[in-house]
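Right, one structure below, let's go through it.
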Amino acid sequence: MREHMRGSIRLIIGYLVVCVLALNLSAVEVNDDGRELILQAQQAYRSDMNERPVVTDKVIKTYITGIVQRLIPKQKQLPEGTKLSVTILESPQPELYSYVDGHIVMTMGIVYAMENEAQLAGVMAHEVANVAEGYYLSMYQEIKAAERAERSRAGAGALFSGLLDIAVDYAVERESIRQTEAWMSNDATYGTTMKKMAATHAAQSAYYEIKDVVDSIPAKDADGNWLDPRLRFEPVADAQGMEYTALAGYDVEETAKGWQHLYRVKSDLIKKKEAGMGEFAAQLRQTQALMEIHTYRMRQSLGASGLVQTRSDIPPTRAEFAKSLVNLKEVKTAQKVHKPSKYRKPYMAFLHSSLFPRAEKLMKEENYEKAYIAYEALWSRGIHTAPVAYGLAKCQLGDFAFGASESEKESAEKAYEDAIKLDSKYALPYKGLGELYGDWERYGDAAKAYKSYVKLAPKAKDRKRIERKIKVMERKAER
């Protein structure tokens, strides 16, 4: 039954999104309310970025900006007062969101997670569409108009009437993308709503029938809290973004894979963090959940502060939703403009030209955690070189291995050995093995590794220090 319902939902979403795309809306006309929101978005962006670590590397910025520019359809006019620009943050945690004024914010965690440029473009297209189509500007202007008409500040009547002509499929976004499992098992009202929508889809008659069904969906959740109206545009932006992706010549089949990778990275980071917390992990989860609920409810305000930013969440069902959008008529038509490509070579060239120097720099600065993430991204994408393997080994343990577990030491040892297999004349892995074996109390192996290093790098600046270490290791080995 649950699988049948999921299948029905996918069909319903596809039908509703087609209705939205088929509207062929003209550019949003920005009024004084819209201009006010754009100004507030600019201020919010500056405030939010004030203390966040922004990536300034020109190679990275140029590459990502190029993808954004490619995604904007030809002759597409952005809403007045908006300008697309990208800010990249120094964080392994996948984050992707945008502001009404056109600022798109993403983390290096998004870049690291992909296999090719098509996947990167596919997930970014969501935010490009949000800005280019002016969804949030339109909603805010409608809300302000409703307020002036002395309607409820909650805006349920206004939001679920006039705006539905623009984004009729918002109503299922919460159920289909973010909380499918929750409402299926716990909320009869939502279940009843889905049945009505299935009946409407079967009929596929007049638009007013769809509107009647969506109007019946409650504006509040099961706890009586107002739903965030911004969520209504998320599936619409996904659909429009998929069309943008196809028009730009990217393989739209890669978009779902991109979301899958992001969800995996996000989950792995959470597991790693919880593993480090040990017995405090449960308490951490509870605290974070309370903070997220508090933040979510604060953002439900229909004022400007609740509409200046849209966030791309990465639930497990998002990839499944993206798959369903590939079959939209508009997307298939858009794919005929260009031959779809994954653009793997440009992405790999970008990784090698930007991330490797970046990883080297971070390692020299002894920022081993961030350097390891960069090296791991290179290695996992098939860039198997001796320097990358050495970087993985070195950054895995840092300068000292005595505090590492046996499995961690063995992993680092293998990485050093991989580097030597890739280039037996590359000296640094031997030095790394010497350091590792010294802390591991394998003194004979340490002396041998250090000797190989000195032989391959006779002019190394630290030669004298290493020669003294060799003597120390040999004495310890004889005891």
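The values are calculated or read from the model by the stated rules, or taken from the named source; none is laboratory data. As the structure is a prediction and not an experimental result, all values here were calculated from the model. With ideal geometry, Cβ positions are generated from the backbone for all residues, glycine too; neighbour counts draw on all protein chains shown. What goes into the accessible areas is simple: the full protein's heavy atoms, side chains included, and nothing from ligands, DNA or RNA. Shrake-Rupley method; radii C 1.70, N 1.55, O 1.52, S 1.80 Å.
If a residue counts only when it is within 24 Å of residue 139 (Cα to Cα), open to solvent by 60 Å² or more (accessible area, probe 1.4 Å) and modelled with pLDDT under 55, which helices (runs of 4 or more DSSP H) contained entirely in region 238-344 have at least 2 such residues?
Qualifying helices (runs of 4 or more DSSP H): 281-298.
Does residue 391 meet the test of being touching a residue at least 12 places away in the same chain (Cβ under 8 Å), assigned to a loop (DSSP other than H, G, I, E, B) and under 30 Å from residue 58 (Cβ atoms)?
no
Among 449, 415, 477, which is the only one that is part of a helix (DSSP H, G or I), touching a residue at least 24 places away in the same chain (Cβ under 8 Å) and open to solvent by less than 20 Å² (accessible area, probe 1.4 Å)?
415
Just to be sure I understand the filter: pairs with C-beta atoms under 7 Å, separated by 6 or more residues or on different chains, first member in region 328-343 and of a type in the set (Val, Ile, Thr), second member open to solvent by less than 90 Å² (accessible area, probe 1.4 Å). Which pairs pass?
Pairs that qualify, where the first residue is of a type in the set (Val, Ile, Thr) and the partner is open to solvent by less than 90 Å² (accessible area, probe 1.4 Å), are 331/242; 331/243; 331/246; 331/252; 331/325; 337/247.
Scan region 349-376 and report the pairs whose first residue is part of a loop (DSSP other than H, G, I, E, B) and whose second residue is surrounded by fewer than 21 Cβ atoms within 10 Å (Cβ to Cβ), with Cβ atoms within less than 8 Å and a gap of 6+ or a chain change.
Within 8 Å, the pairs are 366/398; 366/399.
Could you check region 97-191 for helices (runs of 4 or more DSSP H) lying wholly inside it with 1 or more residues that are farther than 30 Å from residue 343 by Cβ and modelled with pLDDT of 50 or more?
By residue number, 135-148.
Show the residue pairs that are 6+ apart or on different chains and have beta-carbon atoms under 6 Å apart, the first residue being within region 38-54 and touching a residue at least 40 places away in the same chain (Cβ under 8 Å), the second being assigned to a helix (DSSP H, G or I).
Final answer for the pair search is 40/304.
Scan region 456-473 and report the pairs whose first residue is in a helix (DSSP H, G or I) and whose second residue is among the small types (Gly, Ala, Ser), with Cβ atoms within less than 6 Å and a gap of 6+ or a chain change.
456/427; 470/447; 473/446; 473/447
Can you tell me which residue in region 378-405 is modelled with the lowest pLDDT, limited to those that are buried (at least 22 other Cβ atoms within 10 Å of the Cβ) and among the small types (Gly, Ala, Ser)?
Applying the filter and picking the extreme gives 393.
So, of the residues in region 21-52 that are assigned to a loop (DSSP other than H, G, I, E, B) and at pLDDT 90 or above, which turns out to be nearest to the chain's Cα centre (by Cα)?
Looking at residues that are assigned to a loop (DSSP other than H, G, I, E, B) and at pLDDT 90 or above, I get 30.
Please state which of the following conditions residue 426 fails to meet, knowing it meets all the rest: (1) at pLDDT 90 or above; (2) in contact with a Lys or Arg (Cβ under 8 Å, 6 or more places away or on another chain).
Unmet condition: (2).
Considering each residue of region 350-372, count those that are of a type in the set (A, V, I, L, M) and open to solvent by 60 Å² or more (accessible area, probe 1.4 Å), and give that number.
Residues meeting the conditions: 0.
In region 61-98, how many are within 16 Å of the chain's Cα centre (by Cα) and open to solvent by less than 40 Å² (accessible area, probe 1.4 Å)?
13
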